[in-house]
Amino acid sequence: PSTDRADTASARAPRDRAGDEQALRTAIAGWSAAVQREDTAAVADFYATEALLLPPNGQALGGRPGVTKGWNAVFATPDLALSLASTTVRIAEAGDMAYDVGTWRGSF
């Protein structure tokens, strides 16, 4: 077999960045809907198992149990109303990284 980098690169399928972007937007919409429903388990499922939730003026909460604890505290806020909107989604050329930028509003 050839070890030439050009051969290896050409053997890889091209990234479907538009598809990747749509998949990310779909995940963001699902996360936002779970937040709107105040569904802590569904919200936590969007986090990596090793995630850290960084609450304002508080200690980092680790893993899904920590994420669940943090969101339970948020959802316990009386008369809570959260609004989340993604405004920009970018997928790296290689398809190995992505990010979104958005806005959120909260009242209680």
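Each residue of region 45-57 is assigned a 3J(HN,Hα), and the resulting list reads 5, 7, 8, 5, 4, 9, 4, 10, 9, 10, x, x, 6 Hz, derived from the Karplus form 6.51 cos²θ - 1.76 cosθ + 1.60 (θ = phi - 60°), x at Gly and Pro. Extending 7 Å from Cα along the Cβ direction at ALA41 and again at ALA18 yields two label points whose distance is 3.8 nm. Comparing PRO78, GLN36, LEU54 along the charge dipole axis of the chain, the residue lying farthest to the positive side is PRO78, per the Cβ-charge model.
Could you tell me the accessible area of TRP31 in Å² (1.4 Å probe, neighbours in place), rounded to the nearest ten? Taking all protein chains as shown, TRP31 has close to 60 Å². Summed over qualifying helices (DSSP H, 4 residues or more, each -39500 (n - 2.57)) and divided by its residue number, the chain shows a 222 nm mean residue ellipticity of -13500 deg cm²/dmol. The candidate values are (1) 7.1; (2) 9.2; (3) 6.6; the one derived from this structure for mean projected area of the Cα convex hull in nm² carries the label (2). The fraction of accessible area contributed by carbon and sulfur in the chain is 55 percent, rounded to a whole number (1.4 Å probe; ligands and nucleic acids excluded). Averaged per residue, the chain has 72 square angstrom of accessible surface, using a 1.4 angstrom probe with ligands and nucleic acids left out.
The values are calculated or read from the model by the stated rules, or taken from the named source; none is laboratory data. Small disclaimer: the values here were computed from a predicted structure and weren't measured. Ideal geometry is used to build each Cβ from the backbone, glycine not excepted, and the neighbour counts take in all protein chains shown. Keep in mind that these areas ignore ligands, DNA and RNA; they rest on the heavy atoms of the full protein, side chains included. Shrake-Rupley method; radii C 1.70, N 1.55, O 1.52, S 1.80 Å.
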